[in-house]
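Undergrad: Dropping a structure here in structure tokens format, bear with me for questions.
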Amino acid sequence: MASSGISGYAAVNARVRVMYSALLTPQEMGRLSETPDFNSLMEQLKHTAYGPYLEQVRDRDLTPRRAAFQLRERLANAYSSIIGIVPDQTRPLLVQLYRFFEVSNLKAVLRGIVKGEHWDVVRYLLFPFGTRTVIPAEEMMTAGNIAPAVELLRSTPYYETLSYAMKRYNAEQSLFPLEVTLDLNYWRDLWKNVKQLSSLDRTQASRILGTMLDITNLMWAIRYRTYYRLSEEEVINYTLPFGYHVHDEDIRGIAAGADAAQIVQRVYPGLTQVENLTAKSGDGLSQLELQLQRRVFDQCQAAFVGDPFHVGIPLAYLLLSDLEIQDLVVLIEAKSSNIPAEKFKQYMIMKN
Amino acid sequence: MFYPEEMTEIELVVPAKDLLAVTKALGEQAIFQQSDSSYLTGESELAQPKEWQDKASAYAALERRIQTTMQALELAEGEPSKKGFDAPVDVNSVQAVVGQLEGEARKTSEQLTNETRQVEYLEGMLRQLQPVADVDIDLSKLQGSHSLFSVLGVMPVENMERLQTSLSRIPFVFLPLHQEGKEAVVWLAGSNANSDILKRAVSSSYLNPLTLPENVKGKPSEIIASLNSQIANSKNKIRDLKNTLVSLREAHTQRLQRLLWEVRSSRMLTDAIVRYGRLKYTYLIVGWAIASKLPQLQEKLRKVSNEILIETFPIKRSEVKQNVPVALRNPKGFLPFQDLVTTYARPLYNELDPTFLIAITFPLLFGAMFGDVAHGLMLALLGVLLLSKKVKALRSLASLGGLVTICGLVATAFGFVYGSIFGIETILPALWIHPMENILTILGTAVGAGIFLLTVGFIINIFNAAMSRNWGRLIFDKNGLVGLAFYWSLLGYAAGSFISNFPIPKTALLVTAVISAFFIMFAEIFKHLVEGHRPLIEDGVGTYAIQAFFELFEALIGMLSNTLSYVRLGAFAVAHAGLSSVIFIVGSLINPGQGVVYWIIVVLGNIGLVLFEGLIVGIQTMRLEYYEFFSKFYNGGGSRFEPLTLSASDKGVN
């Protein structure tokens, strides 16, 4: 498919809307939240669109970790299916968006190596790319050390990025520089792809992905400054100079020690209790991130209203699907650990 | 040939004593695909020690070690023994041998890797120093200065701007000295009073400072000379180590290759056993076998085990409810075309294998676009050359040889039809027409051919649906009966608008089009009705209505674009003549006297044209097959039949 606009997005739009209709409704999510335990949750989920994925595994093997893995299979299929039908000029953006999970896998493998975990422990923590990934995860785990594992990435786009950080890894024996460079590189490439889109696509993608980028950048800056106590120059070097609503001055302000709560409140005036959320104690920052993710959720829902012939529709669906799975993983963890509803519900993005 | 091989589901109950013999027999025939039946293992057996699993892991580890040793010695894997696989090797004895060979190879190989890395490291430093080669300053003194903080190093280009931003509150000098790809050699300097800030900025921006070996001191030009000498020394060592590896390789080739295949076969055998179900005294084996070869498999199994129980369940195409593996059976000459089909998708078990259709239509479509006696023969010769594997650089393309030869010969035949040789249409008489002189006729005929092929596509889809008793798809699919009615009523309506006295009234055609459009739009509801599937609409009326509208819209656009797409058949035939004439015109312009230069241009131009246009026409033909033709009837998505073998070199069935 080469064209964009109506002819390019007609089929994409039709297919995505059908897939969109299979997302869980707040009522369904509510019913899932009310299940008494993990097994009942799995039984209920088998009657949703996730059923076929969960039924691939025998009940006795369906551990919480494995269940989360199976749910992500559905997202992997959605990505493959949508990437295959979007117009040529939009495809690189979706491919790059999909790489988010590959970067996460890579970080998980590196952590697994450092902790000396067995492959069987790590494999179901990874996003199920199947054969579509360039990361030789199992071989990397077998390599046993970070340096030879990174060498196995030689023919992939990650090698050059990681090679700059390897000197620091060798000196500090910390994965932090490797993870930061992977993240920065990922978001830089994603933003480049957004900027290369044509007008309407660029507007839609900037709105949705720009908000995600803003949230990520903002969280980095606050975490580095408030939690890790990094210096101004380090915070600046570990963050991005661009965004949608969050500008470089905001990030530099946080880096220089300005009141993060004030900056967050100015960028997102609708947020409540921001001062508590950015405070150092407790899990305030996670709650702030959750509130901002709910904004992304609302923006994705809004993308389905109005002119449907643009990249916003597939993008919004994929992100909604991802957020839905994040909620389901919260449910899985809560039900398997017998956490009461009033506690786990505050960690869910979809309100039910 | 028209359908994949018929399959039979097979279940075996094997006494433990015959386990190895039966597994070997299954692996030797390469006609049995194993299904994982380990979940059938009884509860009491689950608690028993996992003897076979441990063995499989041990063999896998051994195989990896042998492969690593062979890689260190740059040794190919070779072929499995012609005598075949006898019995699993003893893990302990092989471990001892592998340990000894591994030790010898590893030591030399590690030294070689270290020396190679040393050369890479020194060359990296050289690259960083080259931009400052002319600077007449002792670098070690600069780095040890009391008042100046200075760093020379490499960093990602993308981080350069951010580094400067991060230092905006202090005075500094930043000079990019050299940039190559995503990497830059830079020099950063500032006051030593700010060294803490500068160090943190350097580290967080991934600026890797150049660290000179302790024995290397002086001006850049002196350091470069010293580095060059060290590189030369390391390269000498590398040469000696490579010679050592060659002698090791010559001494151990046969032994390592034999060990690798023995261990690999043992690993494959144990892997297969791990996937069996285990009961108290027997093993359960489940899988698929090619129906036509089942009797010989049964005979062989009964020979090796008197007590084996064999149950078979033939799978009828019309009753397929599960994913049956697909083994294709086409004559050898059709293999290039089969590859074209499987590149798109492997057919389903109950679906027509379109290889024979591709074998007919692909060369015809290609020939129609590339019709030229001389160019077709050149292409056919290229195909023969590829098949012969005589040119080393072209060996990887050998599998395309047959396809290229056939396409070349058909293009030659079309050359006679068009009366075209080297793109010149004045030498040979045309058996039909000269494309350049009859552009509208050839374009119209091309669209006609497209309508014919698309109609064939509709008919095959209807046939496939009938064979799989999918009545909903047969009648209501946009490529089924209503789709065909819609397509032909639109064609008829269009024809009636241009042709006076068209035999069918336009109103009748319009009514047919509207009725069939209605069925296409709401096909899902009607399919559900026929199949007894409830609810009729699954995702709400609103969503369904939007989807239904786009279904019809897509069907209409698809039919129109698919039909017009075949115009390219005629357009390329015309373009071929035009492009060819350009070569002669350019030759005449550069060398009007038609001397040597003229003929060099003509020869090279024609070779270039055959390769370039051949490639483009090949891609266009593939497009017509895949997008226009296949989309009418072909679903694909079948899974490949992967027979159990005890040697990875057995290719088995396609």
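Undergrad: Looking only at the range B:181-194, count how many residues are open to solvent by 20 Å² or more (accessible area, probe 1.4 Å) and without any contact (Cβ under 8 Å) to a residue 40 or more places away in the chain.
TA: Here the count works out to 4.
Residues checked against (1) buried (at least 20 other Cβ atoms within 10 Å of the Cβ); (2) closer than 22 Å to B:Gly99 by Cβ; (3) hydrophobic (A, V, I, L, M, F, W, C):
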site	(1), (2), (3)
B:Thr211	no, no, no
B:Ala225	no, no, yes
B:Ile231	no, no, yes
B:Asn236	no, no, no
B:Arg239	no, no, no
B:Glu250	no, yes, no
B:Gln257	no, yes, no
B:Glu262	yes, yes, no
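Undergrad: I'm trying to understand the selection: among the residues of the range B:139-164, which are under 20 Å from A:Glu249 (Cβ atoms) and open to solvent by 30 Å² or more (accessible area, probe 1.4 Å)?
TA: B:Glu161, B:Gln164
Undergrad: OK, next. Of the numbered conditions (1) within 30 Å of B:Gln29 (Cβ to Cβ); (2) in a loop (DSSP other than H, G, I, E, B); (3) touching a Lys or Arg at 6+ places or on another chain (Cβ under 8 Å), B:Val89 satisfies every one except a single condition; which is it?
TA: Only one criterion is unmet by B:Val89, namely (3).
Yes/no per residue for (1) at pLDDT 85 or above; (2) within 14 Å of chain B (Cβ to nearest Cβ); (3) within 21 Å of A:Ala205 (Cα to Cα):
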position	(1), (2), (3)
A:Ala11	no, yes, yes
A:Leu32	yes, no, no
A:Phe38	yes, no, no
A:Glu55	no, yes, no
A:Val86	yes, no, yes
A:Gln89	yes, no, yes
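Undergrad: When only residues in the range B:551-567 that are open to solvent by 40 Å² or more (accessible area, probe 1.4 Å) and among the aliphatic types (A, V, I, L, M) count, which is farthest from the other protein chains (Cβ to nearest Cβ)? It would help to see each step written out before you state the result.
TA: We begin by selecting, within the range B:551-567, every residue open to solvent by 40 Å² or more (accessible area, probe 1.4 Å); these are B:551, B:553-554, B:556-557, B:560-561, B:564, B:567.
Then drop every residue that is not among the aliphatic types (A, V, I, L, M), which leaves B:556-557, B:560, B:564, B:567.
Values: B:Leu556: 11, B:Ile557: 7, B:Leu560: 11, B:Leu564: 14, B:Val567: 17 Å.
Taking the candidates together, the pick is B:Val567.
Undergrad: If we keep just the residues of the range A:180-203 that are away from chain B (no Cβ under 14 Å) and in a helix (DSSP H, G or I), which is most open to solvent (accessible area, probe 1.4 Å)?
TA: Filtering the range A:180-203 for residues that are away from chain B (no Cβ under 14 Å) and in a helix (DSSP H, G or I), the one most open to solvent (accessible area, probe 1.4 Å) comes out as A:Lys195.
Undergrad: Shifting gears a bit: When you look at A:Val16, is it in a helix (DSSP H, G or I), closer than 26 Å to A:Ser104 by Cα and within 13 Å of another protein chain (Cβ to nearest Cβ), yes or no?
TA: Working: in a helix (DSSP H, G or I): yes; closer than 26 Å to A:Ser104 by Cα: yes; within 13 Å of another protein chain (Cβ to nearest Cβ): yes.
Judged against the criteria, A:Val16 is a match.
Undergrad: Check B:Ser168, B:Ser109 and return the single one that is within 14 Å of chain A (Cβ to nearest Cβ) and open to solvent by 30 Å² or more (accessible area, probe 1.4 Å). Give the steps one after another, and end with the answer.
TA: Working: B:Ser109 fails: open to solvent by 30 Å² or more (accessible area, probe 1.4 Å).
Among B:Ser168, B:Ser109, only B:Ser168 is within 14 Å of chain A (Cβ to nearest Cβ) and open to solvent by 30 Å² or more (accessible area, probe 1.4 Å).
Undergrad: List, please: which pairs have Cβ atoms under 6 Å, are six or more places apart or on different chains, and start with a residue in the range A:170-184 that is more than 12 Å from B:Ser204 (Cα to Cα) and end with one that is open to solvent by less than 20 Å² (accessible area, probe 1.4 Å)?
TA: A:Leu175/A:Leu110; A:Leu182/A:Val103
Undergrad: Moving to a separate point now. I'd like to verify a number: residues in the range A:209-229 that are open to solvent by less than 20 Å² (accessible area, probe 1.4 Å) and either away from chain B (no Cβ under 12 Å) or closer than 21 Å to A:Ile313 by Cβ (or both), how many?
TA: So the first thing to find is which residues in the range A:209-229 are open to solvent by less than 20 Å² (accessible area, probe 1.4 Å), and the list is A:209-211, A:213-215, A:217-219, A:221-222, A:224.
If we keep only those that are either away from chain B (no Cβ under 12 Å) or closer than 21 Å to A:Ile313 by Cβ (or both) too, we end up with A:209-211, A:213-215, A:217-219, A:221-222.
Of the residues in the range A:209-229, 11 are open to solvent by less than 20 Å² (accessible area, probe 1.4 Å) and either away from chain B (no Cβ under 12 Å) or closer than 21 Å to A:Ile313 by Cβ (or both).
Undergrad: Okay, moving on. Inspect all residues belonging to the range B:195-213 and state whether any of them is within 50 Å of the chain's Cα centre (by Cα), closer than 25 Å to A:Trp187 by Cα, more than 10 Å from chain A (Cβ to nearest Cβ) and free of Cβ contacts under 8 Å to residues at least 40 places away in the same chain.
TA: No: zero hits.
Undergrad: Go through the range A:90-140 residue by residue and tally those that are in a loop (DSSP other than H, G, I, E, B), out of contact with any Ser or Thr (no Cβ under 6 Å at 6 or more places or on another chain) and farther than 20 Å from A:Gln326 by Cβ.
TA: Looking only at that region, the number is 7.
Undergrad: May I pose another question? Going by the conditions given, is A:Ser81 at pLDDT below 90, in the same structural domain as A:Leu320 (by TED's automatic domain parsing), under 25 Å from B:Gly558 (Cα atoms) and part of a helix (DSSP H, G or I)?
TA: yes
Undergrad: Still on this model: I need the helices (runs of 4 or more DSSP H) fully contained in the range A:230-292, keeping only those with at least 2 residues that are closer than 12 Å to A:Trp220 by Cβ and either open to solvent by 60 Å² or more (accessible area, probe 1.4 Å) or not assigned by TED's automatic domain parsing to the domain that holds A:Pro177 (or both). Write out each step before concluding.
TA: Values: elements: A:232-237, A:248-255, A:260-267, A:274-278.
In the range A:230-292, the matching helices (runs of 4 or more DSSP H) lie at A:232-237, A:248-255.
Undergrad: For A:Ser206, are the conditions met, namely being open to solvent by 60 Å² or more (accessible area, probe 1.4 Å), more than 14 Å from chain B (Cβ to nearest Cβ) and free of Cβ contacts under 8 Å to residues at least 60 places away in the same chain?
TA: no
Undergrad: Is at least one residue of the range B:290-313 part of a loop (DSSP other than H, G, I, E, B), touching a residue at least 60 places away in the same chain (Cβ under 8 Å) and touching a Phe, Trp or Tyr at 6+ places or on another chain (Cβ under 9 Å)?
TA: The answer is no; no qualifying residue exists.
Undergrad: I would also like to ask the following. Is it the case, given these coordinates, that B:Val482 is assigned to a helix (DSSP H, G or I) and touching a Ser or Thr at 6+ places or on another chain (Cβ under 8 Å)?
TA: yes
Undergrad: Can you name the number of the only condition in (1) crowded, with 18+ Cβ neighbours inside 10 Å; (2) within 10 Å of another protein chain (Cβ to nearest Cβ); (3) over 16 Å from the mean Cα position of the chain (by Cα) that A:Ala171 fails?
TA: Here A:Ala171 meets the rest and fails (1).
The values are calculated or read from the model by the stated rules, or taken from the named source; none is laboratory data. It should be emphasised that the depicted structure is a prediction, and the values quoted were computed from it without experimental measurement. All Cβ positions, glycine included, derive from the backbone under ideal geometry; neighbour counts span all protein chains shown. When the accessible area is computed, the model is the full protein with side chains, heavy atoms only, and any ligands, DNA or RNA have been set aside. Shrake-Rupley method; radii C 1.70, N 1.55, O 1.52, S 1.80 Å.
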